[in-house]
Amino acid sequence: PPLCAAAGAPPVTLLDYGAGNVRSIRNAVKALGYEVVDVTDPEDISNAERLIFPGVGAFGAAMDVLESRGFAAPLREYLASGERPFLGICIGMQVLFERSEESPGVAGLGVVPGAVTRFDPRETPGPVPHMGWSGIELRGPGEGDSVLAPASTRHVYYTHSFHATPDEANAKYIAATTAYGGDFVAAVRHGEVYATQFHPEKSGAVGLALFDNFLGGGEGRKQTALARMAAEETALAAERVARGELEPPRELARRVIACLDVRANDAGDLVVTKGD
């Protein structure tokens, strides 16, 4: 079996509000050698030592579940000091803001000042939703940060129609931005509280390295073979950027879609063929 990155470490608490990409998150965390426990009541949030809040879907629906299940108050308390490890993903980042035009009249957690707004397709270089692989640029509390560092030299995966915009009121929280027309918030940081608009669990080695660093299994700790591979791959990309051999990604990556079909041949066997 692989070396456990988390021998003796407390379990990772997962807040599943019912519309997140939870299986991918759970698999990534377990692959790195950590035990996962689920939030079932408000006390689980209060007692968590490391909390991950993934999510896709609507701002209002997420906040409704948090409020109706009694999760919102302990979550605000957990986040307030910035001293307790938290990783929000996609909607898990957006609800940290005060409000969203996706759900007028619904208050967010209010950890980060500002509102979440919809991309204006007249101002973006491509369609809305913004879907695909883009780069990020670290700034403010993200500069020199080990958790977000793996994502600074590689593309990460996005799929979203709403975004937060950096401004003077929230500048001290904005750890990274991505360009899609104008700059939008790619990641926020408040001490040990992190959140990303992109999906680490869908971002390959970059995402695994980010999870591993967030969970404390990075430098100076035993790592699983998978974590070591992710760390080595992201470190190599960082070295190439430092030598000027690779430009840090900022724009949406070009995508190649292979047109392949799986069909039955005359013998009834399934074969992969070029699509029509």
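Listing for the model above:
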| item | result |
| --- | --- |
| Gain on full stretching of the segment that runs from Ala169 to Glu83 - 0.36 nm per residue minus C-alpha separation | 28.8 nm |
| Inter-centroid distance (Cα atoms) of the stretch 147-208 relative to the stretch 63-117, Å | 16 |
| Gain on full stretching of the segment that runs from Ala179 to Ser161 - 0.36 nm per residue minus C-alpha separation | 5.1 nm |
| Mean Cα-pair separation over length for the stretch 97-190, i.e. relative contact order, pairs under 8 Å, 6 or more apart, % | 28 |
| Net dipole in debye of the stretch 21-119 [+1 Lys, Arg Cβ; -1 Asp, Glu Cβ; about Cα centre; nearest 20] | 360 |
| The stretch 100-154, accessible surface, carbon-and-sulfur percent (1.4 angstrom probe) | 52 |
| Packing-based ranking, highest mean first, of 107-119, 194-206, 35-47, 160-172 given that Cβ atoms within 10 Å are counted | 194-206, 107-119, 160-172, 35-47 |
| Relative contact order (%) - criterion: Cα under 8 Å, at least six apart; region: the stretch 1-128 | 21 |
| Computed label-point distance, nm, for sites Ala73 and Thr124 using a 7 Å Cα→Cβ extension | 3.8 |
| Packing-based ranking, highest mean first, of 129-136, 92-99 given that Cβ atoms within 10 Å are counted | 92-99, 129-136 |
| Full-extension gain in nm, Asn27 to Thr117, via 0.36 nm per residue minus C-alpha separation | 29.3 nm |
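The values are calculated or read from the model by the stated rules, or taken from the named source; none is laboratory data. Everything numeric in this text was worked out from a predicted model, so none of it was measured. Methodologically, a virtual Cβ is constructed for each residue, glycine included, from the backbone with ideal geometry; neighbour enumeration extends over all protein chains shown. What goes into the accessible areas is simple: the full protein's heavy atoms, side chains included, and nothing from ligands, DNA or RNA. Shrake-Rupley method; radii C 1.70, N 1.55, O 1.52, S 1.80 Å.
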